[in-house]
Every structure is written in structure tokens, then in C-alpha cells.
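Here's the structure we're looking at; comments come further down.
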Amino acid sequence: MKHGFVKVAAAAPNIKVADVEYNTEQICNLIKKAEDNKAKIVVLPELCLTGYTCQDLFQQEILLQQVKKALLKVADFTKEKDMLVFVGLPFELEGNVYNATVALNRGNILGIVTKTFLSNVGAGDEFRYFTPGPTCAQNITFEGREIPFGPKLLFQADTIEQLLVSAELGDELFAPVSPAVDCTAQGARIVVNSAASVGIVGMDAYRKEGLKALTSRLVCGYVYANAGYGESTTDCVFDGQCLIAENGKILKENNPYENEIIFSEIDISRIGSERNKNHLFYVSKERNLPRILFHIEKEKTYLTRNISKNPFVPDDKEERRKRCEEIFMIQALGLKKRLEHTQAKTAVVGISGGLDSTLALLVTAKAFEMLGKDKKDILAITMPCFGTTDRTYQNACKMSLCVGAQLREIRIADAVNIHFKDIEHDPNVLDVTYENAQARERTQVLMDVANEYNGMVIGTGDLSELALGWATFNGDHMSMYGVNASVPKTLIRHLVQYAADTSIDEELKQVLEDVLSTPVSPELLPPKDGTIAQKTEDLVGPYELHDFFMYYLLRFGYAPSKVFRIAKVAFEGNYDDQTILKWLKTFCRRFFSQQFKRSCLPDGPKVGTVGISPRGALMMPSDACVSLWLKDLEQIK
């Protein structure tokens, strides 16, 4: 459970209706398989010891007595197992039969969770066979031991304070106020469900959507195990759907109608972080639900869950298209409002032929369309200097004309050389002064042209550059409205690609495709043989790594060592461990040392959950020390 990852399993055994002995054997086989895969929480379906479809056989004394014997057998089977197991069964108590799931740990029966919301649809009328569970949990005596019995029991790991588990049954998942609501409000981070839901057309998608909505609202992990093959098919079929979800996302699912066991890891630390940030998450002031201790050993969990290399970019092509469309609209609407409010007659965009300025120009053109303004009032200014290559220069000029902007070329080399002379800097010394003088000259030109034409300078810098501090202070760092300020570099690529894919102008499309294939560079050093001499990712590291680091450090507050661990999984085969560690240390150092640049950023629209605006998105002191974060990385072996 290092870094908060808990391996869980959901399993649908092949059963025979009313054959308790056979079902017990199948259940034990799955528990053993879960143990072999290092699962710490295992969930089996509703009434799986007998089968959900026993109907009036649930009133047979011989069946109910056999279930209690089988329960003891399964409990004994878990004696040497380092896990918490939930098994569904009918439990007879004082003449009443309850639909329940039983929690087992190391040979002990920890608690019997009863179903409150009985179902009268599907395979049968549960009210005919079962009594609703008590309103509040109570202790009963079973096999000479007192055992908690009732709804809303909380199971607390004695070795991991954050690991608190609750259980519900079947359609309680869809109840307006399910048992999980109160349990998560009192700290449960994982909810399990022993279920028996029939398989009909569309039901698998309905369950998934319901589970995503519930786990998003309750900010929790969820393990769902549904009855499957072997149940009676008199009137319906059970699909054996198993699902593992976390905070609105399905981590793992099986193939419908194929009984199997699935595994994934729920990140309980991430759940805690999300709850701390979510002002809507309900935290009960009461602590009136029973807490029952269970024991599992603390050990490192082998990760099998999918970890995307590009957390800012959806994997699904259609979802990615929609994301780009929405972000593009947010950027354009933000700029439209600012232009409208300030009554600016023109928008001034510095065009380099790179990704960021390309997106800024496209957003500006969209904002002008929304305003009904002539795009000739967009002043696209290219400012060639020492490092400008013909490729980027030509692309900047072509795209400006394609979008209908007014192209203006202002060469700044003479002005920069005069500045070098003024400050007595040797122009042959290609240091940071040499580079930043160009960036600041460009910003001065843009600002003065904006003043001259009653305009507004549109910022081009992106989220990734600002997180790294890869911007010249009071140079490209400054603008009058930064449309890209909360868009990471990995996503900017897809936004430009989206613009290319949706363009009806073939020439513009070709230019955008060439921009996408051009190496990222500030072009502040002289070219070598006409090609770019200064590649950003060679200097500060790959943006796909930095965006990954940024997402997990800022969005979830992960420790750097945890970021390193999941990065190894996400980028396996792309980067070795030493490379990932090297650039993660670079990110941490630069992120802390460059906060002063982010403390005085221009306005700009927030487009996602990660932002660095000092006006609420990231409130951080400029002189915070990075030593704690680097020390965490130094302990990695």
C-alpha cells in the first residue's frame, strides 16, 4: 500500500443454484487466485453462496443451515490470507432471513452487512424472501462470538489509517440516498458492492454511468461484483459484470457475460487529496457508525492500472476532439470579453511560427469572428532576429495572411545591437543576456505598437513554460491578456492539430501541419546551417514528462517519489528510470525557483483543473524552499 495504492479484486464465480458446497469451492478458488495476485480487498456477488435465484428455497431450513456452515468454511479458508473478503449470502437470524454480505479477515467474521433497500424487480421479489436490515447496526451472537450486524458498517485497517471500507448490496448503488453516502461522509474511501443485477440490453452501460456519477459525487473508490453464469435462466440472465472505479473513472471492467476476476489499484491517497480540495464533499460531524478493525500487512503494491502518459489529453479520439473544441471556445470567449470591455480596436500578436503563437493567433481570429470585427485589425507582427530560421519565418507570414490578419515585419537586430552597446555587452557572448535582450525587445515592440493602434497585446506563453519558468521575465512573460496561460504544451499540440483538421483553407492546413512538425525552440541563438540550433526540450527536458509531473504534483499533491513511481509505469519503454528522475528533479527545482514569475502573471482564462494564476489557481510564496521535495527524491533507490 505504498503511496496509497490498494489492490482490489471483483469476482463472479461460476455457481450452481442451491449447491452450497460447490459454490463454496468456487468462491475459495477465486479467493486463492486473488491472493496469488496480491489483492487486499476481494468482493464476491450478492447471495453467491447459494445463488441469487433460489426463490422460495430461501425459506428452506436445510439451505439456510448449510449456508452458515459454508460461511465458517470460507472464513477458515481466509485464515492465512492477507486480505479483506466480502461474500454475499442469505443469513437467518431469529426466524428472519436477511440478504447480506459478510466481511472476512484472517479467519474472522468481522461483520454482517445487511441490505436495506430490497428489490421487487428483476429475477424475483426480495420482499417475499427477506426482511429489510435493521435501521442501525447491532451486535448479534454467532458461533459464540459477538458480531456487528446491520447496515453502514465501517471496516478500518489497523495498519493504514486512510484505508476505511464500507459495503452495500445490489441496487442500493442506485438508491437516492445509498448507504455509501453516510459511510463516505464518515471517512470510507472504498465502497464495495455484492450485487445481483440481471443482464438486459443497455444495463452494463447504465451501471457504469451510475458508478461514475456516484464515485465522482462521493469522491471514493468502488468495487462492484455482479452475479453471473450459473444463476437460473428461468426468466432472465445475469451478466457477471465486474467493475472497479475511482472518482468518476472506470479503472477496470470485465467482458459482460464472461465470469472472471478483475484486478486494479485504488489510490486512497488521491481520494483524500480530492476530498480536501472539494468544498462540496460532505463531511459528517457525527462519528456514529461502527468501526471494525481488520489487519493487512503494509507492502508495496505492483501497479496494473492504466496510467496515461498524457493526463491532459483524452485517449479517446472523439473525446479529445470535444475537449479541443471546448478549450478553443473558452479561450476565444475570454479574449472576446476582454477586447469588448476595453474597447480595444486592435489585437497585437507576436508571431514566431511556433506552436504557442500559432494557437494565440487562431484564438484571436476566433474572438474577432465572435465580435464581428474585421480581422485586418489583428496585427500579426513577426520580429526576425539572430536565431530566426527561414522555416519559422515563412510559416509565421503564411498563417497570418491565411487567417486574414494584417502582417507586419519589424526586424529587431539593430535595436538589440544598440542595446548591447548601451549596456556594454559583447554580442559574441551568447549567454542569457544575449537571449533575454531579444525577448524583451520583442515585448517592447508589441506593447508600443499596441499603444500606437489602441490595441491589446495577446500573450502566447503556455502553462508548461510558466510552470518551468521558461519565459523571460518582463519579456514574453508579459502581455495584456494571456490566452494560453493555462494550456499545457502537450495539449497545445492537439489544439493546433484540431485547427488543422477543421480548417477549410488548404494552405492554412498545410502551414499548421508544418508548425506541428517543427521542433519547439525560442530561436534566440544563431541557426546552424539554416536550421534551429536551440531546442527547448534538449535544455529543460521533454514536455510530455514535465506535463505529467505538473499534473500529479499540482492536481493531486503527490509526493515526488510517487510521481516518479507512476511515471515509470506510464513511460515504460520510452524513458529509463535515470532520465525520468533527472527531469523530475529539474522540474521541482525550476518550479520552486521560478514562482516569482508566476506571482505577477497577466490575466488569462483557466481552461482545466490545473492552473498557475496567482489569483486563486496557485497561491504559493515566491521564496518557498524545494529541499523537502528533493530530499524525497534522493531517497529513491
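Tabulated data
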item: Calculated on alpha-carbon atoms, Rg and Dmax of region 74-165 in Å; result: 14.2, 42
item: Over region 477-537: Kirkwood hydrodynamic radius from C-alpha pairwise inverse distances, Å; result: 13.6
item: Viscosity 1.306 mPa s, temperature 10 °C, Stokes-Einstein D of region 360-513 from Kirkwood C-alpha radius, µm²/s; result: 95
item: Estimated D of the chain in µm² per second, where Rh is the Kirkwood radius over Cα pairs and Stokes-Einstein applies at 25 °C, 0.890 mPa s; result: 89
item: Residue-span extension gain [A175 to D315] - 0.36 nm each, minus C-alpha spacing; result: 47.2 nm
item: The chain - accessible surface per residue (Å², probe 1.4 Å); result: 43
item: Modelled label reach - N108, point 7 Å along Cα→Cβ, region 71-86 residues with backbone N closer than 15 Å; result: 75-76, 78-85
item: Pairwise centroid distance, computed over Cα atoms, of region 81-148 with region 190-265, Å; result: 20
item: For region 385-438, radius of gyration divided by Kirkwood radius, i.e. Rg to Rh on alpha-carbons; result: 1.11
item: Region 425-576: projected area of the alpha-carbon convex hull, averaged over directions, in nm²; result: 12.8
item: Intensity falloff of region 238-322 expressed as log10 I(q)/I(0), Debye formula with alpha-carbon point scatterers, at q = 0.14, 0.21 Å⁻¹; result: -0.84, -1.27
item: 13 Å tail of the calculated P(r), region 274-326, as % of Cα pairs; result: 79
item: Principal axis box of region 315-396, alpha-carbon based, largest edge first, Å; result: 40, 39, 16
item: Estimated FRET transfer efficiency when R0 is 30 angstrom, pair K345-E507 (beta carbons, to 0.05); result: 0.60
item: Ordering of 463-472, 320-329, 555-564, 192-201 by burial proxy (mean other Cβ atoms within 10 Å per residue, highest first); result: 463-472, 192-201, 555-564, 320-329
item: Computed magnitude of the charge dipole of the chain (debye, nearest 20; Cβ of K, R +1, Cβ of D, E -1); result: 1260
item: Spin-label model distance (nm) - K79 vs E299, 7 Å beyond Cα toward Cβ; result: 2.0
item: Fraction of accessible area attributable to carbon and sulfur, the chain (%, probe 1.4 Å); result: 48
item: Among 585-592, 309-316, 437-444, 4-11, the order from most to least packed when residues are scored by Cβ within 10 Å on average; result: 4-11, 437-444, 585-592, 309-316
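The values are calculated or read from the model by the stated rules, or taken from the named source; none is laboratory data. Quick caveat: nothing in here was measured; it's all calculated off a predicted structure. Every residue, glycine as well, gets a Cβ built from its backbone with ideal geometry; the counts of neighbours run over all protein chains shown. All accessible areas refer to the heavy atoms of the entire protein, side chains included, with ligands and DNA or RNA removed. Shrake-Rupley method; radii C 1.70, N 1.55, O 1.52, S 1.80 Å.
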